[in-house]
Amino acid sequence: MTFDLGIIGTGEFAVYLVEGVMRANPDTTVIVSPRGRAHALDLQRRFGHTVADDNAEVVARATTVLAATRPAQFHDALAELPWRDDQLVISVAAGVDHTELTSLASPATAVLCMPTNSAMLGESVVPMFPANERARRFLTAFGEPVAMPDERAFESSAVLGAYFGWLLALMDGGANWLAAHDVPADSARTLMAQVFRSAAAVAARRDSRSLSELANELRLPGGITEHGLIELEKRGSLDDWQAVMTSVLERLGARY
């Protein structure tokens, strides 16, 4: 039997991705690698997925393969497998470059992607490289794919995989502040989720204006938005976020 999707590296992150695939396309047939056996057996129990004997069986029997191993295990996990020229392999491992993936998985078509665990809800950021229509169609299960023009741009956009986690921590801080100032904890969490969602909606839908212009619309002289922005600027807080993004880019091994 040939499977629609194969998973190499069946860890917790891979489970999120499979959940996104099954939410969007519940008839997808999936074969998963045995590494991360507890997760593999959980997917088998929940969705009826097949657990392979090894990575070679995953590649031999799947038309699309998601490589979701940890970066340190990536080379050994993908090397010397029976890749075919009719296959698509998509790496979601941090720090892997396209040349390495192409070399390991030749003659399969190789694509890089960096989603977050919100892929399970179909709401992830989905930077990809290079542009590939077959990969784009598959990745719509995770969110809206955005093809990067070159690998340098992809490496930069991959930092958003970490940025997503920082935003959750920022939300947690805001919710904790609200709870400490008399807002019920469950309401605080709901309000924080709503304010982030509303900011994202404005950024996405009012795209004829720059993000700076949208922020400055609210920066009325003497107003509380202006007061807060001035305090953030005095502390260098906004610049600090960009500095941390650069630090993560360096950690990913970007060749700058």
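Ranked from largest, the principal axis spans of the Cα set of the range 118-224 equal 50, 33, 22 Å.
Of the GluC sites (Glu not before Pro) found in the range 1-89, the ones in coil according to DSSP and having at most 14 other Cβ atoms within 10 Å of their Cβ are Glu80. Proximity of backbone amide H atoms, modeled 1.01 Å from N, is registered between Phe3 and Ala62, Thr63 at under 5 Å, excluding neighbours fewer than 5 places apart on the same chain. So which trypsin sites (Lys or Arg not before Pro) in the range 161-256 are both in a DSSP loop and have at most 15 other Cβ atoms within 10 Å of their Cβ? Those satisfying the criteria are Arg206, Arg209, Arg219, Arg255. Give, as a single signed number, the net charge of other residues whose beta carbon lies under 12 Å from the beta carbon of Ala68, with Lys and Arg counted +1 and Asp and Glu -1. Net charge around Ala68: +1. In loop segments of the range 64-143 as defined by DSSP, the trypsin sites (Lys or Arg not before Pro) with at most 16 further C-beta atoms inside 10 Å of their C-beta are Arg84.
Test of understanding: what is the full-extension gain from Glu12 to Gln194, defined as 0.36 nm times their sequence separation minus their Cα-Cα distance? Walk me through the numbers before you get to the answer.
Numbers: separation 182, 0.36 × 182 = 65.52 nm, distance 2.70 nm.
Extending this stretch completely gives an extra 62.8 nm.
Judged by the ratio a/c of the largest to the smallest principal axis of the C-alpha gyration tensor, the range 3-148 counts as rounded, that ratio being less than 1.5. Each residue of the range 26-31 is assigned a 3J(HN,Hα), and the resulting list reads x, 8, 4, 8, 9, 10 Hz, derived from the Karplus form 6.51 cos²θ - 1.76 cosθ + 1.60 (θ = phi - 60°), x at Gly and Pro.
All other residues whose Cβ lies under 15 angstrom from that of Val51 are scored, Lys and Arg at +1 and Asp and Glu at -1, for a net of +1. Residue-wise HN-Hα couplings along the range 209-215, as the Karplus relation 6.51 cos²θ - 1.76 cosθ + 1.60 with θ = phi - 60° gives them from phi, are 10, 5, 4, 5, 5, 5, 5 Hz; Gly and Pro carry x. Considering only Leu178, Ala38, Ala72, the residue lying farthest towards the positive end of the dipole of the chain is Leu178, judged by Cα position with unit charges set on Cβ.
Only one residue of Pro82, Leu5, Leu101 has its Cα farthest out toward the positive end of the dipole of the chain, where Lys and Arg carry +1 and Asp and Glu -1 on Cβ, and that residue is Leu5. With everything on Cα atoms, drop me the angle between helix 160-180 and the longest principal axis of the chain, reported from 0 to 90° to the nearest 10. Approximately 40 degrees, to the nearest ten. Local charge for His227 was computed over the other residues whose Cβ lies under 14 Å away, with Lys and Arg +1 and Asp and Glu -1, and equals 0.
Taking θ as phi - 60° and the Karplus parameters 6.51, -1.76 and 1.60, the scalar couplings of the range 44-55 work out to 4, 5, 7, 10, x, 5, 8, 9, 6, 6, 6, 5 Hz in sequence order, x denoting glycine and proline. Centre-to-centre, using Cα atoms only, the range 158-178 and the range 224-240 are separated by 17 Å.
Convex hull volume per residue, computed on the Cα atoms of the chain, equals 154 Å³. The dipole here belongs to the range 156-236: it is taken about the Cα centre, uses +1 on the Cβ of Lys and Arg and -1 on the Cβ of Asp and Glu, and is about 180 debye.
Values in this text are rule-based calculations from the coordinates and carry no lab data. Given the structure is predicted, the values throughout are model-derived calculations rather than measurements. For neighbour counting, all protein chains shown are included, and Cβ atoms are generated from backbone atoms with ideal geometry for every residue, glycine included.
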